[in-house]
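See structure below.
The values are calculated or read from the model by the stated rules, or taken from the named source; none is laboratory data. This structure is a prediction, so every number in the text was calculated from the model and none was measured. For neighbour counting, all protein chains shown are included, and Cβ atoms are generated from backbone atoms with ideal geometry for every residue, glycine included. Protein only, heavy atoms only, side chains kept; ligands, DNA and RNA dropped before computing areas. Shrake-Rupley method; radii C 1.70, N 1.55, O 1.52, S 1.80 Å.
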Amino acid sequence: MKQFFLATIAIAGFTALTSAKMPAEAAGCYYHLYQDGHGVITGKLAVRGVGHAAKLETACDRARRECNRRFERARKKGQLPRGGPRDFRCVRGATG
């Protein structure tokens, strides 16, 4: 009786461990400041937004908002390269 009880517990434990779902990995998304005619801005003037979340759509929304916030802050401080007011925008980069 004791061996049957232990075997039942062992089988139930093994089944619970093997049927458990693996946790999903977080999605990541990146946005970069882009200038028309020049491409992605790099160096000291670079503006980048990074977002991580369970869903890719949410991660990209966070990254886009962060990039736009940093872009507006840099624009107000005069830390952008020369260009027209509509030459700059945040574009989606790599996702992972």
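Numbers below:
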{"quantity": "Of all residues making up region 24-33, the number that are modelled with pLDDT under 95 and out of contact with any Leu (no Cβ under 9 Å at 6 or more places or on another chain)", "calculated": "3"}
{"quantity": "Flag for THR42 being of a type in the set (Val, Ile, Thr), modelled with pLDDT under 95 and open to solvent by less than 90 Å² (accessible area, probe 1.4 Å)", "calculated": "no"}
{"quantity": "Test result for PRO85, free of Cβ contacts under 8 Å to residues at least 12 places away in the same chain and of a type outside the set (D, E, K, R)", "calculated": "yes"}
{"quantity": "All positions within region 49-73 that are free of Cβ contacts under 8 Å to residues at least 40 places away in the same chain and either aliphatic (A, V, I, L, M) or outside any helix (DSSP H, G or I) (or both)", "calculated": "VAL50, GLY51, HIS52, ALA53, ALA54, LYS55, LEU56, ALA59, ALA63"}
{"quantity": "Test for LYS21: is it of a type in the set (D, E, K, R), at pLDDT below 85 and open to solvent by 60 Å² or more (accessible area, probe 1.4 Å)", "calculated": "yes"}
